[in-house]
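The values are calculated or read from the model by the stated rules, or taken from the named source; none is laboratory data. This one's a predicted model, so the numbers in the text were calculated from it and none came from an experiment. When we count neighbours, we look across all protein chains shown, and the Cβ atoms used for this are built from the backbone with ideal geometry, even at glycine. Accessible surface areas use protein heavy atoms only, side chains included; no ligands, DNA or RNA. Shrake-Rupley method; radii C 1.70, N 1.55, O 1.52, S 1.80 Å.
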Amino acid sequence: MDLLKFIVFDILGVTPLLVGFIALIGLLIQRKPIEKVLSGTFKTIVGFLVFAGGAGLAVTSLGNFQTLFSDGFGLKGVMPLAEALTGLAQTKFAMCVSLIMVVGFGWNLFFARITPFKYIFLTGQHNLYLSALLTVTLKALGYSDMTTIIVGSILLGLAACLYPAIAQPWMRKITGNDEIAMGTMSLWLTPRRGG
């Protein structure tokens, strides 16, 4: 039991290590040479640490800007920014964010296998952001860590299949085939006007 707690909280709960582990597994599955496996794994971990540091700076600077803006114009509210949300969620709920991201990828593979939406979402920063958003939302609603991870990962897996499917008709018009799909979770669909 202590080993399981160590793995879940001390390894999977540290997001850079978790993402580095995912990169390690991916590189090993691709049968890359050992130097590329080590290089890719360490670059992923360091890149994630740099991203987290930048997110922390963004949260701090935007907090100051928000105070200035709110006081100057007499407004109340928050400054929505993906990096700020991701940084905050990783600080407060690292284990939930990490596990939603990993388990959600598993659900994405499962849903791509059993549904007509055959899309595997490989845009890591979008998966991270949606994992953070789902974590913060579900925790704000008062759900436990386990419920947050289960519900959040299923929603992430579904979103990862559905969003590229929604965008695919437009990608097909641009590319002329289905060889590539657009992986984004920021789709703004507007109705067509005219004929």
Inset, instruction - Hey, can you tell me all the residues within segment 162-186 that are surrounded by fewer than 16 Cβ atoms within 10 Å (Cβ to Cβ), in contact with a helix residue (DSSP H, G or I) (Cβ under 9 Å, 6 or more places away or on another chain) and under 16 Å from Pro116 (Cβ atoms)? - result: Asp178
Inset, instruction - Would you confirm whether any residue within segment 103-117 is open to solvent by less than 60 Å² (accessible area, probe 1.4 Å), in contact with a Pro (Cβ under 9 Å, 6 or more places away or on another chain), at pLDDT 80 or above and not in a helix (DSSP H, G or I)? - result: no
Inset, instruction - Might you check whether a residue that is surrounded by fewer than 16 Cβ atoms within 10 Å (Cβ to Cβ) and under 19 Å from Ala94 (Cβ atoms) occurs anywhere in segment 37-45? - result: no
Legend entry - In segment 132-161, residue nearest to Leu85 (Cα to Cα) [restricted to those that are assigned to a helix (DSSP H, G or I) and open to solvent by 70 Å² or more (accessible area, probe 1.4 Å)]: Ala140
